[in-house]
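In what follows, a structure is listed as C-alpha coordinates, so that the remarks can point back to it.
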Amino acid sequence: MSRPDGSVRRDHVNFRTGARRWALPAAALVVAATLSWGAPAGADSDPSGLPEAIDTILGDPRMEGGAASVVVADAGTGETLYQHSPTGRLTPASNTKLATSTAAMGVLGPDYRFTTDVLADGRVRDGVLGGDLYLRGTGDPTTLAADYDRLAAQVAAAGVKRVAGRLVADDTRFDAHRLGDTWGADDESSYYAAQISALTVAPDTDYDAGTVIVEAKPGAKAGDKPAVSVTPKNDYVRVDVSGASTVGAGGEDTLAVERQHGTNTITVSGTVPVGGGTTKEWVTVWEPTGYAAAVFRDALAAHGVKVGGPTRLGKAAPAAAKRLATHDSMALKDLLVPFMKLSNNMHAEALVKAMGYKTTGRPGSWGDGLAAVADYLKGAGVDAAKIRQVDGSGLSRKDNFAARQIADLLLSVRDESWYADWYASLPVACAPDRFVGGTLRTRMCDTPAALNARGKTGSLTGASALSGYVKDADGRELVYSIVQNNYLASSVKPLEDAIVVTLARSSAAKRVTAVLPRSTRAVPAAERRGDLECSWRKPATC
(Lines give C-alpha, C1' and ligand atoms only; values in the text may rest on other atoms or scores of the structure.)
Protein backbone atom coordinates (compact mmCIF):
# COMPACT_ATOMS: atom_id res chain seq x y z
CA MET A 1 0.00 0.00 0.00
CA SER A 2 1.22 3.52 -0.79
CA ARG A 3 1.32 6.44 1.57
CA PRO A 4 -0.35 9.72 0.60
CA ASP A 5 3.05 11.02 -0.52
CA GLY A 6 3.49 8.05 -2.88
CA SER A 7 6.11 6.23 -0.83
CA VAL A 8 5.60 2.57 0.00
CA ARG A 9 4.26 1.70 3.40
CA ARG A 10 6.25 -0.72 5.49
CA ASP A 11 4.32 -2.57 8.20
CA HIS A 12 7.15 -3.43 10.53
CA VAL A 13 6.69 -6.50 12.70
CA ASN A 14 9.56 -7.18 15.10
CA PHE A 15 10.31 -10.87 15.41
CA ARG A 16 13.93 -10.48 16.41
CA THR A 17 15.20 -12.79 19.11
CA GLY A 18 16.32 -11.67 22.53
CA ALA A 19 19.92 -12.63 21.73
CA ARG A 20 20.04 -10.36 18.72
CA ARG A 21 18.33 -7.52 20.54
CA TRP A 22 20.76 -7.68 23.43
CA ALA A 23 23.84 -7.56 21.22
CA LEU A 24 24.80 -4.09 22.52
CA PRO A 25 27.91 -4.19 24.72
CA ALA A 26 27.29 -3.60 28.42
CA ALA A 27 29.22 -0.30 28.42
CA ALA A 28 27.02 1.05 25.65
CA LEU A 29 23.91 0.16 27.63
CA VAL A 30 25.19 2.02 30.68
CA VAL A 31 25.89 5.12 28.60
CA ALA A 32 22.50 4.90 26.87
CA ALA A 33 20.68 4.60 30.18
CA THR A 34 22.11 7.90 31.45
CA LEU A 35 21.27 10.03 28.42
CA SER A 36 18.80 12.86 28.99
CA TRP A 37 15.84 13.91 26.85
CA GLY A 38 16.85 15.21 23.44
CA ALA A 39 19.92 13.01 23.06
CA PRO A 40 19.17 10.79 20.04
CA ALA A 41 20.42 7.24 19.79
CA GLY A 42 23.04 6.70 17.13
CA ALA A 43 23.88 10.40 16.85
CA ASP A 44 27.14 9.59 15.13
CA SER A 45 25.62 7.19 12.61
CA ASP A 46 23.02 7.33 9.87
CA PRO A 47 19.61 8.12 11.38
CA SER A 48 17.23 5.16 11.51
CA GLY A 49 13.63 5.07 10.42
CA LEU A 50 10.69 4.94 12.81
CA PRO A 51 10.59 1.11 13.12
CA GLU A 52 14.27 0.94 13.96
CA ALA A 53 13.92 3.84 16.40
CA ILE A 54 11.12 2.14 18.34
CA ASP A 55 12.97 -1.19 18.22
CA THR A 56 15.93 0.52 19.85
CA ILE A 57 13.74 1.76 22.69
CA LEU A 58 12.09 -1.62 23.23
CA GLY A 59 15.57 -3.12 23.40
CA ASP A 60 16.21 -1.36 26.69
CA PRO A 61 17.51 -3.70 29.44
CA ARG A 62 14.49 -2.91 31.59
CA MET A 63 12.37 -5.03 29.26
CA GLU A 64 14.64 -8.09 29.36
CA GLY A 65 12.40 -11.14 29.67
CA GLY A 66 9.28 -9.00 29.38
CA ALA A 67 6.61 -8.72 26.70
CA ALA A 68 5.41 -5.72 24.73
CA SER A 69 2.60 -5.05 22.29
CA VAL A 70 2.95 -1.79 20.35
CA VAL A 71 1.04 -0.24 17.45
CA VAL A 72 1.49 3.19 15.84
CA ALA A 73 -0.88 4.42 13.14
CA ASP A 74 -1.68 7.52 11.13
CA ALA A 75 -4.84 8.87 12.76
CA GLY A 76 -6.10 10.39 9.52
CA THR A 77 -5.65 7.44 7.17
CA GLY A 78 -5.60 4.54 9.62
CA GLU A 79 -2.34 3.34 8.07
CA THR A 80 -0.19 1.26 10.38
CA LEU A 81 3.26 2.80 10.66
CA TYR A 82 4.74 0.38 13.20
CA GLN A 83 3.68 -2.75 15.01
CA HIS A 84 5.43 -5.05 17.43
CA SER A 85 3.51 -8.14 18.56
CA PRO A 86 0.31 -6.26 17.71
CA THR A 87 -2.03 -9.13 18.66
CA GLY A 88 -0.17 -10.15 21.79
CA ARG A 89 -2.74 -10.01 24.59
CA LEU A 90 -1.36 -8.50 27.78
CA THR A 91 -2.66 -7.02 31.03
CA PRO A 92 -3.59 -3.42 30.09
CA ALA A 93 -4.13 -2.08 33.63
CA SER A 94 -6.01 1.23 33.39
CA ASN A 95 -5.90 1.27 29.59
CA THR A 96 -9.05 -0.81 30.12
CA LYS A 97 -10.76 2.50 30.85
CA LEU A 98 -10.44 3.43 27.17
CA ALA A 99 -12.98 0.74 26.35
CA THR A 100 -15.19 1.58 29.33
CA SER A 101 -15.25 5.34 28.76
CA THR A 102 -15.95 5.21 25.04
CA ALA A 103 -18.66 2.59 25.51
CA ALA A 104 -20.26 4.71 28.25
CA MET A 105 -20.38 7.69 25.90
CA GLY A 106 -21.88 5.50 23.19
CA VAL A 107 -24.38 3.57 25.35
CA LEU A 108 -25.40 6.14 27.97
CA GLY A 109 -24.70 9.31 25.99
CA PRO A 110 -22.62 12.40 26.86
CA ASP A 111 -25.52 14.09 28.67
CA TYR A 112 -26.33 11.10 30.90
CA ARG A 113 -26.70 11.93 34.59
CA PHE A 114 -27.04 9.79 37.69
CA THR A 115 -30.03 10.73 39.86
CA THR A 116 -30.44 10.39 43.63
CA ASP A 117 -34.00 10.74 44.97
CA VAL A 118 -35.70 10.92 48.34
CA LEU A 119 -39.21 9.46 48.36
CA ALA A 120 -42.02 9.25 50.92
CA ASP A 121 -44.05 6.07 51.33
CA GLY A 122 -46.97 7.63 53.13
CA ARG A 123 -48.70 10.94 53.72
CA VAL A 124 -47.23 13.96 55.44
CA ARG A 125 -49.60 15.40 58.05
CA ASP A 126 -48.69 18.12 60.51
CA GLY A 127 -45.03 17.63 59.68
CA VAL A 128 -45.11 13.86 60.27
CA LEU A 129 -44.45 11.35 57.48
CA GLY A 130 -46.63 8.40 58.40
CA GLY A 131 -44.45 5.83 56.67
CA ASP A 132 -40.92 5.16 55.49
CA LEU A 133 -38.51 7.62 53.91
CA TYR A 134 -36.53 6.18 50.97
CA LEU A 135 -33.12 7.29 49.75
CA ARG A 136 -32.82 5.90 46.22
CA GLY A 137 -29.58 5.90 44.28
CA THR A 138 -28.74 5.03 40.69
CA GLY A 139 -24.97 4.69 41.06
CA ASP A 140 -23.65 8.27 41.23
CA PRO A 141 -19.97 7.95 42.20
CA THR A 142 -19.63 11.72 42.69
CA THR A 143 -22.20 12.29 45.46
CA LEU A 144 -20.70 14.37 48.27
CA ALA A 145 -21.87 14.85 51.84
CA ALA A 146 -22.90 18.34 50.74
CA ASP A 147 -25.25 16.82 48.17
CA TYR A 148 -26.93 14.69 50.85
CA ASP A 149 -27.21 17.84 52.94
CA ARG A 150 -29.03 19.60 50.10
CA LEU A 151 -31.37 16.61 49.74
CA ALA A 152 -32.13 16.81 53.48
CA ALA A 153 -32.83 20.53 53.13
CA GLN A 154 -35.35 19.77 50.38
CA VAL A 155 -37.07 17.21 52.62
CA ALA A 156 -37.33 19.77 55.41
CA ALA A 157 -38.63 22.37 52.93
CA ALA A 158 -41.34 19.89 51.93
CA GLY A 159 -42.69 20.19 55.48
CA VAL A 160 -41.34 16.98 56.97
CA LYS A 161 -40.22 17.29 60.59
CA ARG A 162 -40.50 13.70 61.69
CA VAL A 163 -40.52 10.32 59.95
CA ALA A 164 -42.67 7.80 61.79
CA GLY A 165 -41.17 4.89 59.89
CA ARG A 166 -37.68 3.91 58.82
CA LEU A 167 -34.98 5.36 56.63
CA VAL A 168 -34.67 2.89 53.76
CA ALA A 169 -31.62 2.93 51.48
CA ASP A 170 -32.69 1.77 48.03
CA ASP A 171 -29.56 0.61 46.20
CA THR A 172 -31.41 -1.88 43.98
CA ARG A 173 -30.45 -0.17 40.72
CA PHE A 174 -27.24 -2.25 40.92
CA ASP A 175 -26.78 -5.84 42.01
CA ALA A 176 -25.27 -6.75 45.38
CA HIS A 177 -21.82 -7.75 44.10
CA ARG A 178 -19.52 -5.17 45.65
CA LEU A 179 -16.02 -6.14 44.47
CA GLY A 180 -14.67 -6.88 41.00
CA ASP A 181 -13.36 -10.16 39.66
CA THR A 182 -9.95 -11.10 41.18
CA TRP A 183 -9.41 -7.76 42.92
CA GLY A 184 -6.63 -8.24 45.46
CA ALA A 185 -7.62 -8.97 49.04
CA ASP A 186 -4.70 -6.86 50.20
CA ASP A 187 -6.32 -3.86 48.47
CA GLU A 188 -9.52 -4.08 50.54
CA SER A 189 -8.97 -0.86 52.49
CA SER A 190 -7.19 0.93 49.62
CA TYR A 191 -9.38 3.67 48.23
CA TYR A 192 -8.76 2.72 44.60
CA ALA A 193 -10.54 -0.62 45.27
CA ALA A 194 -13.69 0.59 47.04
CA GLN A 195 -16.90 -1.42 47.02
CA ILE A 196 -19.43 -0.59 44.29
CA SER A 197 -23.00 0.34 45.21
CA ALA A 198 -25.83 2.36 43.71
CA LEU A 199 -25.62 4.52 46.86
CA THR A 200 -22.28 5.82 48.04
CA VAL A 201 -20.40 8.91 49.24
CA ALA A 202 -17.25 10.61 47.96
CA PRO A 203 -15.28 12.57 50.59
CA ASP A 204 -13.92 15.31 48.31
CA THR A 205 -13.91 16.52 44.72
CA ASP A 206 -11.50 13.86 43.51
CA TYR A 207 -14.72 11.83 43.89
CA ASP A 208 -13.22 8.67 45.39
CA ALA A 209 -16.57 7.05 46.05
CA GLY A 210 -16.94 4.70 49.00
CA THR A 211 -14.08 6.17 51.04
CA VAL A 212 -13.44 8.41 54.02
CA ILE A 213 -10.41 10.64 54.59
CA VAL A 214 -8.61 9.94 57.85
CA GLU A 215 -6.14 12.52 59.17
CA ALA A 216 -3.89 11.81 62.15
CA LYS A 217 -1.80 14.54 63.80
CA PRO A 218 0.68 14.26 66.65
CA GLY A 219 -0.49 14.98 70.19
CA ALA A 220 0.79 17.95 72.18
CA LYS A 221 3.38 15.90 74.09
CA ALA A 222 5.03 12.51 74.10
CA GLY A 223 2.67 9.81 75.32
CA ASP A 224 -0.46 11.50 73.92
CA LYS A 225 -2.62 9.71 71.42
CA PRO A 226 -2.60 11.24 67.92
CA ALA A 227 -5.51 13.56 67.14
CA VAL A 228 -7.64 11.90 64.47
CA SER A 229 -10.40 13.32 62.26
CA VAL A 230 -12.62 11.70 59.63
CA THR A 231 -14.08 13.39 56.53
CA PRO A 232 -16.99 13.46 56.11
CA LYS A 233 -17.90 13.35 59.79
CA ASN A 234 -19.99 10.25 60.50
CA ASP A 235 -20.56 7.53 63.05
CA TYR A 236 -20.60 4.76 60.44
CA VAL A 237 -16.86 4.17 60.81
CA ARG A 238 -15.04 3.82 64.13
CA VAL A 239 -11.42 4.85 64.62
CA ASP A 240 -9.22 2.80 66.95
CA VAL A 241 -6.09 4.70 68.05
CA SER A 242 -5.14 2.34 70.87
CA GLY A 243 -2.07 1.19 68.95
CA ALA A 244 -0.79 4.69 68.15
CA SER A 245 1.19 7.17 70.22
CA THR A 246 3.07 10.46 70.07
CA VAL A 247 6.81 10.25 70.72
CA GLY A 248 9.39 12.92 71.42
CA ALA A 249 10.51 15.39 68.76
CA GLY A 250 12.87 13.76 66.30
CA GLY A 251 11.38 10.31 66.84
CA GLU A 252 10.18 7.99 64.08
CA ASP A 253 7.01 8.65 62.12
CA THR A 254 5.54 5.19 61.50
CA LEU A 255 1.82 5.93 61.58
CA ALA A 256 -0.30 3.58 59.47
CA VAL A 257 -4.02 3.78 58.77
CA GLU A 258 -6.00 0.72 57.64
CA ARG A 259 -9.53 -0.66 57.90
CA GLN A 260 -9.94 -4.06 59.50
CA HIS A 261 -11.30 -6.76 57.16
CA GLY A 262 -15.08 -7.01 57.05
CA THR A 263 -15.63 -4.13 59.48
CA ASN A 264 -15.82 -0.37 59.61
CA THR A 265 -13.16 -0.16 62.29
CA ILE A 266 -10.20 1.89 61.07
CA THR A 267 -7.02 1.33 63.01
CA VAL A 268 -4.34 3.98 63.44
CA SER A 269 -1.10 2.41 64.63
CA GLY A 270 2.54 3.36 65.06
CA THR A 271 4.25 6.50 66.27
CA VAL A 272 4.42 10.16 65.30
CA PRO A 273 6.87 12.69 66.79
CA VAL A 274 5.84 15.88 68.54
CA GLY A 275 5.72 18.61 65.91
CA GLY A 276 5.58 16.01 63.11
CA GLY A 277 3.44 16.11 60.02
CA THR A 278 -0.11 14.93 59.40
CA THR A 279 -0.75 11.45 58.08
CA LYS A 280 -3.63 11.56 55.61
CA GLU A 281 -5.19 8.45 54.12
CA TRP A 282 -8.21 7.73 51.97
CA VAL A 283 -9.75 4.50 53.30
CA THR A 284 -12.63 2.42 51.95
CA VAL A 285 -15.75 1.67 53.97
CA TRP A 286 -17.44 -1.69 54.32
CA GLU A 287 -20.86 -1.49 52.62
CA PRO A 288 -21.14 1.96 51.04
CA THR A 289 -24.96 1.83 51.04
CA GLY A 290 -24.95 2.00 54.83
CA TYR A 291 -22.36 4.78 54.68
CA ALA A 292 -24.58 6.89 52.40
CA ALA A 293 -27.61 6.26 54.63
CA ALA A 294 -25.66 7.28 57.74
CA VAL A 295 -24.45 10.52 56.16
CA PHE A 296 -27.99 11.30 54.95
CA ARG A 297 -29.54 10.53 58.36
CA ASP A 298 -27.10 12.96 59.98
CA ALA A 299 -27.99 15.59 57.35
CA LEU A 300 -31.70 15.13 58.07
CA ALA A 301 -31.08 15.64 61.79
CA ALA A 302 -29.10 18.79 61.05
CA HIS A 303 -32.13 20.16 59.20
CA GLY A 304 -34.55 19.29 61.99
CA VAL A 305 -35.93 16.08 60.49
CA LYS A 306 -36.05 13.22 63.01
CA VAL A 307 -36.31 9.63 61.79
CA GLY A 308 -38.06 7.47 64.36
CA GLY A 309 -37.31 4.06 62.92
CA PRO A 310 -34.03 2.26 62.14
CA THR A 311 -32.16 2.26 58.86
CA ARG A 312 -32.83 -0.58 56.43
CA LEU A 313 -30.61 -1.33 53.44
CA GLY A 314 -31.40 -2.76 50.05
CA LYS A 315 -35.19 -2.48 49.73
CA ALA A 316 -36.74 -0.96 46.61
CA ALA A 317 -39.00 2.05 46.96
CA PRO A 318 -42.66 1.37 46.14
CA ALA A 319 -43.80 2.58 42.74
CA ALA A 320 -46.37 4.84 44.39
CA ALA A 321 -43.87 6.59 46.66
CA LYS A 322 -43.86 10.38 46.27
CA ARG A 323 -40.62 12.16 45.45
CA LEU A 324 -39.68 14.84 47.95
CA ALA A 325 -36.13 15.68 46.83
CA THR A 326 -33.77 14.98 43.99
CA HIS A 327 -30.13 15.49 43.02
CA ASP A 328 -28.60 15.04 39.57
CA SER A 329 -24.92 14.36 38.98
CA MET A 330 -22.83 16.28 36.51
CA ALA A 331 -23.28 15.15 32.89
CA LEU A 332 -21.19 12.18 31.79
CA LYS A 333 -19.12 14.36 29.44
CA ASP A 334 -18.05 16.34 32.52
CA LEU A 335 -17.67 13.33 34.79
CA LEU A 336 -15.14 11.97 32.27
CA VAL A 337 -12.65 14.58 33.49
CA PRO A 338 -12.11 13.28 37.05
CA PHE A 339 -12.68 9.74 35.77
CA MET A 340 -10.00 9.73 33.08
CA LYS A 341 -7.59 12.43 34.27
CA LEU A 342 -7.25 10.79 37.70
CA SER A 343 -7.89 7.23 36.51
CA ASN A 344 -10.76 6.76 38.95
CA ASN A 345 -11.57 3.06 39.26
CA MET A 346 -14.90 3.52 40.98
CA HIS A 347 -16.22 5.72 38.19
CA ALA A 348 -15.39 3.01 35.69
CA GLU A 349 -17.24 0.32 37.62
CA ALA A 350 -20.30 2.49 38.25
CA LEU A 351 -20.51 3.24 34.53
CA VAL A 352 -20.24 -0.45 33.65
CA LYS A 353 -23.13 -1.31 35.95
CA ALA A 354 -25.13 1.67 34.66
CA MET A 355 -24.67 0.36 31.13
CA GLY A 356 -25.85 -3.05 32.29
CA TYR A 357 -29.06 -1.55 33.64
CA LYS A 358 -29.58 0.65 30.58
CA THR A 359 -29.31 -2.24 28.12
CA THR A 360 -31.26 -4.92 30.03
CA GLY A 361 -33.53 -3.24 32.58
CA ARG A 362 -32.14 -5.61 35.19
CA PRO A 363 -30.14 -4.48 38.23
CA GLY A 364 -26.81 -3.31 36.87
CA SER A 365 -24.17 -6.03 36.94
CA TRP A 366 -20.64 -6.48 35.66
CA GLY A 367 -21.84 -9.24 33.33
CA ASP A 368 -24.53 -7.18 31.61
CA GLY A 369 -22.44 -4.02 31.61
CA LEU A 370 -19.42 -5.67 30.04
CA ALA A 371 -21.67 -7.25 27.41
CA ALA A 372 -22.77 -3.71 26.55
CA VAL A 373 -19.12 -2.63 26.31
CA ALA A 374 -18.36 -5.54 23.99
CA ASP A 375 -21.36 -4.69 21.78
CA TYR A 376 -20.17 -1.09 21.53
CA LEU A 377 -16.66 -2.19 20.59
CA LYS A 378 -18.02 -4.47 17.87
CA GLY A 379 -20.04 -1.58 16.45
CA ALA A 380 -16.89 0.53 16.48
CA GLY A 381 -15.07 -2.03 14.35
CA VAL A 382 -12.97 -3.46 17.19
CA ASP A 383 -12.63 -7.25 17.31
CA ALA A 384 -14.08 -7.71 20.80
CA ALA A 385 -13.68 -11.47 20.51
CA LYS A 386 -9.94 -10.92 20.90
CA ILE A 387 -10.36 -9.04 24.19
CA ARG A 388 -11.06 -10.30 27.68
CA GLN A 389 -12.52 -7.63 29.96
CA VAL A 390 -13.83 -8.56 33.41
CA ASP A 391 -14.10 -5.12 35.04
CA GLY A 392 -14.35 -1.51 33.97
CA SER A 393 -11.22 -0.12 35.55
CA GLY A 394 -8.42 -2.56 34.72
CA LEU A 395 -7.78 -3.42 38.36
CA SER A 396 -8.25 -7.11 37.53
CA ARG A 397 -5.34 -9.10 36.15
CA LYS A 398 -7.80 -11.15 34.11
CA ASP A 399 -8.22 -8.23 31.70
CA ASN A 400 -6.39 -8.95 28.43
CA PHE A 401 -6.00 -6.47 25.56
CA ALA A 402 -3.59 -6.23 22.64
CA ALA A 403 -2.29 -2.96 21.28
CA ARG A 404 -4.02 -3.68 17.96
CA GLN A 405 -7.50 -3.56 19.49
CA ILE A 406 -6.70 -0.45 21.54
CA ALA A 407 -5.32 1.34 18.47
CA ASP A 408 -8.36 0.30 16.42
CA LEU A 409 -10.61 1.81 19.09
CA LEU A 410 -8.62 5.05 19.17
CA LEU A 411 -8.93 5.32 15.40
CA SER A 412 -12.65 4.54 15.37
CA VAL A 413 -13.82 6.97 18.07
CA ARG A 414 -12.52 9.93 16.09
CA ASP A 415 -15.71 9.67 14.03
CA GLU A 416 -18.06 9.82 17.02
CA SER A 417 -20.15 12.95 17.55
CA TRP A 418 -18.94 13.12 21.18
CA TYR A 419 -15.27 12.60 20.35
CA ALA A 420 -14.19 16.14 21.29
CA ASP A 421 -15.54 15.77 24.83
CA TRP A 422 -13.97 12.34 25.25
CA TYR A 423 -10.63 13.47 23.78
CA ALA A 424 -10.56 16.40 26.22
CA SER A 425 -10.75 13.94 29.13
CA LEU A 426 -7.42 12.30 28.26
CA PRO A 427 -4.42 13.36 30.37
CA VAL A 428 -2.06 15.84 28.66
CA ALA A 429 1.72 15.41 28.88
CA CYS A 430 3.37 17.95 31.21
CA ALA A 431 0.20 20.02 31.78
CA PRO A 432 0.62 20.97 35.46
CA ASP A 433 -3.03 21.17 36.49
CA ARG A 434 -4.20 17.80 37.85
CA PHE A 435 -7.50 18.12 35.99
CA VAL A 436 -5.70 18.76 32.69
CA GLY A 437 -2.45 16.82 32.88
CA GLY A 438 -3.83 14.15 35.16
CA THR A 439 -1.60 11.09 35.32
CA LEU A 440 0.70 12.57 32.64
CA ARG A 441 1.26 15.91 34.35
CA THR A 442 4.91 15.21 35.26
CA ARG A 443 5.85 13.25 32.15
CA MET A 444 7.57 14.19 28.88
CA CYS A 445 8.32 17.74 30.01
CA ASP A 446 10.86 19.72 27.97
CA THR A 447 10.21 17.55 24.91
CA PRO A 448 8.16 17.95 21.70
CA ALA A 449 5.50 15.76 23.35
CA ALA A 450 4.87 18.26 26.17
CA LEU A 451 1.34 19.75 25.89
CA ASN A 452 1.07 17.73 22.67
CA ALA A 453 0.65 14.07 23.59
CA ARG A 454 -2.59 12.87 25.17
CA GLY A 455 -2.96 9.40 26.52
CA LYS A 456 -4.39 7.01 29.05
CA THR A 457 -1.86 5.58 31.46
CA GLY A 458 -1.98 2.21 33.18
CA SER A 459 0.03 0.72 36.05
CA LEU A 460 0.04 -2.48 38.05
CA THR A 461 3.01 -4.44 39.33
CA GLY A 462 4.71 -5.77 36.19
CA ALA A 463 2.15 -4.16 33.87
CA SER A 464 2.34 -0.70 32.30
CA ALA A 465 0.54 0.90 29.39
CA LEU A 466 0.16 4.21 27.57
CA SER A 467 -2.17 4.72 24.62
CA GLY A 468 -3.43 7.84 22.93
CA TYR A 469 -2.62 10.54 20.39
CA VAL A 470 0.37 12.72 19.51
CA LYS A 471 1.21 15.08 16.66
CA ASP A 472 4.50 14.57 14.84
CA ALA A 473 6.85 17.33 13.69
CA ASP A 474 4.73 17.87 10.56
CA GLY A 475 1.51 18.28 12.57
CA ARG A 476 0.25 14.87 11.50
CA GLU A 477 -1.77 13.18 14.24
CA LEU A 478 -0.65 9.69 15.21
CA VAL A 479 -2.38 7.04 17.27
CA TYR A 480 -0.19 4.93 19.55
CA SER A 481 -0.74 2.05 21.94
CA ILE A 482 2.04 0.66 24.13
CA VAL A 483 1.37 -2.22 26.54
CA GLN A 484 4.27 -3.77 28.48
CA ASN A 485 4.13 -6.72 30.88
CA ASN A 486 6.28 -9.15 32.85
CA TYR A 487 9.25 -6.85 33.44
CA LEU A 488 11.15 -6.81 36.72
CA ALA A 489 12.28 -3.18 36.59
CA SER A 490 10.65 -0.78 39.02
CA SER A 491 9.20 1.17 36.10
CA VAL A 492 9.17 1.04 32.30
CA LYS A 493 7.37 4.34 31.90
CA PRO A 494 10.57 5.98 30.59
CA LEU A 495 10.32 3.59 27.61
CA GLU A 496 6.74 4.62 26.93
CA ASP A 497 7.73 8.27 27.12
CA ALA A 498 10.70 7.73 24.82
CA ILE A 499 8.46 6.14 22.18
CA VAL A 500 5.93 8.98 22.33
CA VAL A 501 8.66 11.66 22.27
CA THR A 502 10.25 9.90 19.28
CA LEU A 503 6.87 10.02 17.53
CA ALA A 504 6.56 13.73 18.34
CA ARG A 505 10.01 14.33 16.79
CA SER A 506 9.28 12.24 13.71
CA SER A 507 8.56 13.61 10.25
CA ALA A 508 7.35 12.06 7.03
CA ALA A 509 10.03 14.02 5.19
CA LYS A 510 12.95 13.09 7.43
CA ARG A 511 13.94 9.83 9.03
CA VAL A 512 13.83 9.95 12.79
CA THR A 513 16.37 8.89 15.40
CA ALA A 514 15.25 7.31 18.66
CA VAL A 515 15.23 9.23 21.90
CA LEU A 516 16.67 6.85 24.45
CA PRO A 517 14.76 6.39 27.71
CA ARG A 518 15.83 8.20 30.84
CA SER A 519 17.58 6.26 33.57
CA THR A 520 15.14 5.03 36.16
CA ARG A 521 17.21 6.98 38.69
CA ALA A 522 16.27 10.20 36.88
CA VAL A 523 12.55 9.44 37.07
CA PRO A 524 10.56 11.03 39.93
CA ALA A 525 9.87 8.59 42.74
CA ALA A 526 6.12 8.80 42.04
CA GLU A 527 6.70 7.43 38.54
CA ARG A 528 9.38 4.98 39.57
CA ARG A 529 6.93 3.07 41.69
CA GLY A 530 5.19 1.45 38.77
CA ASP A 531 2.74 -0.78 40.65
CA LEU A 532 0.03 1.90 40.91
CA GLU A 533 -1.22 4.83 38.90
CA CYS A 534 0.41 7.94 40.36
CA SER A 535 -3.04 9.42 41.04
CA TRP A 536 -3.87 6.37 43.17
CA ARG A 537 -1.24 7.43 45.70
CA LYS A 538 -2.60 10.06 48.05
CA PRO A 539 -1.84 12.86 48.51
CA ALA A 540 -1.59 13.07 44.74
CA THR A 541 1.98 12.95 43.52
CA CYS A 542 1.35 13.14 39.81
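The values are calculated or read from the model by the stated rules, or taken from the named source; none is laboratory data. On a predicted model such as this, the values are computed, not experimentally measured, just so you know. FYI the Cβ positions are ideal-geometry reconstructions off the backbone, even for glycines, and counts take in every protein chain you see.
A Cβ distance below 7 Å, combined with a sequence gap of six or more or placement on separate chains, defines the contacts here; from segment 203-225, residues that are among the polar types (S, T, N, Q) reach residues that are part of a strand (DSSP E or B) and surrounded by 17 or more Cβ atoms within 10 Å (Cβ to Cβ) in the pairs Thr211/Trp282; Thr211/Val283; Thr211/Thr284. So in segment 129-145, with the set limited to residues that are outside any strand (DSSP E or B) and either β-branched (Val, Ile, Thr) or in contact with a helix residue (DSSP H, G or I) (Cβ under 9 Å, 6 or more places away or on another chain) (or both), which one is surrounded by the most Cβ atoms within 10 Å (Cβ to Cβ)? Per the criteria, the residue is Pro141. Residue count for segment 517-542 under the criterion of being at pLDDT below 85 and crowded, with 22+ Cβ neighbours inside 10 Å: the result is 7.
Tell me whether segment 389-412 contains one or more residues that are part of a helix (DSSP H, G or I), polar (S, T, N, Q), farther than 17 Å from Val479 by Cα and touching a helix residue (DSSP H, G or I) at 6+ places or on another chain (Cβ under 7 Å). No; the residues of segment 389-412 include none that is part of a helix (DSSP H, G or I), polar (S, T, N, Q), farther than 17 Å from Val479 by Cα and touching a helix residue (DSSP H, G or I) at 6+ places or on another chain (Cβ under 7 Å). Restricting attention to segment 149-173, the residues being part of a helix (DSSP H, G or I) and within 13 Å of Tyr134 (Cα to Cα) number 3. Within segment 304-321, residues that are of a type in the set (Lys, Arg) reach partners that are crowded, with 16+ Cβ neighbours inside 10 Å and assigned to a loop (DSSP other than H, G, I, E, B) with beta carbons closer than 7 Å, at six or more positions or on different chains, in the pairs Arg312/Arg166. For segment 477-486, what are the residues that are out of contact with any Ser or Thr (no Cβ under 6 Å at 6 or more places or on another chain) and buried (at least 17 other Cβ atoms within 10 Å of the Cβ)? Across segment 477-486, the qualifying residues are Leu478, Val479, Tyr480, Ile482.
Just to be sure before I move on: is Lys378 buried (at least 24 other Cβ atoms within 10 Å of the Cβ) and of a type in the set (Lys, Arg) in the structure I sent? The answer is no for Lys378. Being closer than 30 Å to His303 by Cβ, at pLDDT 95 or above and outside the structural domain of Met355 (by TED's automatic domain parsing) holds for only one residue in Ala220, Ala227, and it is Ala227. Can you find, within segment 146-157, the residue that is surrounded by the most Cβ atoms within 10 Å (Cβ to Cβ) among those that are under 16 Å from Leu199 (Cα atoms) and among the aliphatic types (A, V, I, L, M)? It comes out as Ala152. Residues considered: Lys322, Lys333. Of these, the only one that is over 29 Å from Asp224 (Cβ atoms) and in contact with a Pro (Cβ under 7 Å, 6 or more places away or on another chain) is Lys333. The residue pairs whose first member lies in segment 445-468 and is assigned by TED's automatic domain parsing to the domain that holds Ala424, whose second member is acidic (Asp, Glu) and assigned to a loop (DSSP other than H, G, I, E, B), and whose beta carbons are closer than 6 Å, counting only pairs six or more residues apart or on different chains, are Ser459/Glu533; Thr461/Asp531. Report yes if Asp328 is more than 30 Å from Glu79 (Cβ to Cβ) and surrounded by fewer than 18 Cβ atoms within 10 Å (Cβ to Cβ), otherwise no. Yes, satisfied. Residues that are within 25 Å of Gly76 (Cβ to Cβ), within 15 Å of the chain's Cα centre (by Cα) and hydroxyl-bearing (Ser, Thr, Tyr) within segment 411-455 comprise just one, Ser425.
If you take the residues in segment 99-128 that are touching a helix residue (DSSP H, G or I) at 6+ places or on another chain (Cβ under 8 Å) and assigned to a strand (DSSP E or B), which one is surrounded by the fewest Cβ atoms within 10 Å (Cβ to Cβ)?
Looking at residues that are touching a helix residue (DSSP H, G or I) at 6+ places or on another chain (Cβ under 8 Å) and assigned to a strand (DSSP E or B), I get Thr116.
Selection within segment 72-96: residues that are on the phi > 0 side of the Ramachandran plot and either touching a strand residue (DSSP E or B) at 6+ places or on another chain (Cβ under 7 Å) or not assigned by TED's automatic domain parsing to the domain that holds Gly462 (or both). The member of this set that is surrounded by the most Cβ atoms within 10 Å (Cβ to Cβ) is Ala93.
Which of the residues that make up segment 486-516 are modelled with pLDDT of 90 or more, over 25 Å from the mean Cα position of the chain (by Cα) and either of a type in the set (Val, Ile, Thr) or not in a helix (DSSP H, G or I) (or both)?
Thr502, Ser506, Ser507
Okay, residues lined up against (1) surrounded by fewer than 24 Cβ atoms within 10 Å (Cβ to Cβ); (2) modelled with pLDDT under 95; (3) in contact with a helix residue (DSSP H, G or I) (Cβ under 8 Å, 6 or more places away or on another chain):
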residue	(1), (2), (3)
Ala294	yes, no, no
Pro310	yes, no, no
Pro318	yes, no, no
Lys333	yes, no, yes
Lys341	no, no, yes
Ala348	no, no, yes
Ala354	no, no, yes
